[in-house]
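Heads up, the thing below is written out as structure tokens.
Computed from the coordinates by the stated procedures, all read-outs in this text should not be read as laboratory data. These numbers come from a predicted model, not from an experiment. Glycine gets a Cβ as well: all are built from the backbone with ideal geometry, and neighbour counts include every protein chain shown.
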Amino acid sequence: MKLQSLEEQRAALDASEVSSVELVELALTRAEGTGTDLGAIVGLRAEAALAAAAGSDARRRAGEIRSPLEGAPVVLKDNMVQKGEPTTCASRILESFVSPYDGAMAEKLEAAGAIILGRANMDEFAMGSTTENSIFGPARNPWDTSRTTGGSSGGSAVAVSAGITGFALGSDTGGSIRQPASFCGVVGMKPSYGRVSRWGLVAFASSLDQIGPFTHSAREAAWVLEAIAGHDARDSTSLPEPAPALESALTGDVKGLRIGLPREYFVDEGADPGVVEAVRGAVSELESAGAKVVEVALPHTPYVVSTYYLVATAEASSNLARFDGVRYGRRAENVQDLDEMYKRSRSEGFGREVKRRILLGTYVLSAGYFDAYYRKAQQVRTLVRGDFDRAFEACDVIIGPTYPEVAFPIGARMDDPVSLYLGDIYTVSANLAGLPGISVPCGQHQGMPVGMQVLGRPLDEATLLRVADAFQRRTDHHEHRPPGSA
């Protein structure tokens, strides 16, 4: 019984070919086997999930189906809290933390009838591009277990790619949904900033973070986003917008739609020609379906990585100051005074990459450097948003590669963090400008998946999903599965 995709699971449930309890039992078996082998799953709540599945089956028998997610198992990235469950952010400093409340994403999923199976591996505090910066060890790419999954939501991407669950949630601060989706051959969507509540998401960079889905198809992503979106008064950045109606936008028709190709994304000397060729082939497919291709300019693209790593690290330095050993999380033992407790708790609790970003963020916020670095970065951020505003006057969506290359070997970049940072050149702009973005499988290179990124205007997720769905109706890249998948 495969039933890997959310759409397959929904059809089987609707036809009474399988129960939610059976689906959850299957997912638990896969999570304990494949999920453990690939380093993707770091915690399961089997008893609670089976009880929730039994409740879903009872609702279905009574004719009460809450949403397309009814009865389907899902995993959450390990930075999303759920009452009575651990949330570690893959960090020693939160190793023993158990959440006293439910995050908005858990509430929304349960209200939609989905079954939360457990937690997925990630880079510590979502800081990384490989899911190697984790106390649980690295996640491994199901297409080639010697290669990275991407990050920081690598465990969530693997859960979907390897057929453990039909969908998963991740968080995206600079590409942390879209890049692992590209590496693992699945759909990954970052909604517009403020579209999905961040209540209960452990903050990395509060003006950049956003929660979104991993799925196999654009249609499934629409179902999930409809379920988790909407205003939440508990999140001051949550937009006063209702949950969007997205599935009705998936008409398969892109005739007359204008696709913008940024010249800066296709002349990048650091991009693998095989990746660029796959993306150009995908654009040609959309063009043959009636879309119009226009060239656009995003002139501040050379500055987006440095801008992002100033804004993100400054906000991380501020957000992570709360982990001081006083109120919750790790506290160093046998200390002589308060200063020693702070120093040792944080030194023992944070990993190398998190320390690097805290130090950088603290530096750029310090007296004498704030204007030269942080304020300047915020000014460039405004210019980046202006680039997109002007580009969208000439086009409806912008398309380019999700990442400059395919998944690389585990360990290959751990001693060269700058090269990892530079790889974010296509993804961080969406976070800086608050735009929605989606990565869609569009081919393979060197035997590994390639992702095409589609960016849109703020709150225009419907058009992104329309383009992604139209492409998937004409191709079968999203139907390819890793060898030996569950």
**Mean Cβ count within 10 Å, highest first, over the residues of peptides 398-405, 380-387** = 398-405, 380-387
**Asked** Taking the Cα centre of the chain as the origin and placing charges on Cβ (Lys, Arg +1; Asp, Glu -1), which of 217, 133, 9 is farthest toward the positive end of the dipole?
**Response** 133
**Asked** What base-10 log of the normalised intensity I(q)/I(0) is obtained for segment 243-295 from the Debye formula, alpha carbons as equal point scatterers, at q = 0.20, 0.23 Å⁻¹?
**Response** -0.80, -0.91
**Prompt:** Based on the alpha-carbon gyration tensor of segment 326-409 and its eigenvalue square roots a ≥ b ≥ c, which shape applies: rounded if a/c is under 1.5, prolate if not and a/b is larger than b/c, or oblate?
**Reply:** prolate
**Fill in**
Output ordering of 233-244, 417-428 (per-residue mean of other Cβ within 10 Å, highest first) is 417-428, 233-244
**Asked** Taking only DSSP H segments of four or more residues, each worth -39500 (n - 2.57), what value at 222 nm results for the chain once the sum is divided by all its residues, to the nearest 500 deg cm²/dmol?
**Response** -11000 deg cm²/dmol
**Item:** Range of Cα positions in segment 366-486 per principal axis (Å), largest first
**Value:** 56, 42, 22
**Request:** Report the calculated FRET efficiency for residue 343 and residue 414 (r = Cβ-Cβ distance, R0 = 22 Å), to the nearest 0.05.
**Result:** 0.30
**Item:** Packing-based exposure ordering (other Cβ within 10 Å, fewest first) of 171, 146
**Value:** 146, 171
**Request:** For segment 203-326, count all C-alpha to C-alpha pairs, find those more than 26 Å apart, and express that count as a whole percent of the total.
**Result:** 50
**P(r) of the chain over all Cα-Cα pairs, binned every 20 Å from zero, in whole percent** = 26, 59, 14, 0
**Request:** Compute the length gained on full extension between residue 334 and residue 47: take 0.36 nm times their separation in residues and subtract their Cα-Cα distance, giving the result in nm to one decimal.
**Result:** 99.5 nm
**Prompt:** Gain in length, residue 206 to residue 64, computed as 0.36 nm per residue apart minus the alpha-carbon separation, to one decimal in nm?
**Reply:** 47.4 nm
**Message:** Between residue 285 and residue 83, how high is the FRET efficiency from 1/(1 + (r/R0)^6) when r is the Cβ-Cβ distance and R₀ = 35 Å? Nearest 0.05.
**Reply:** 0.20
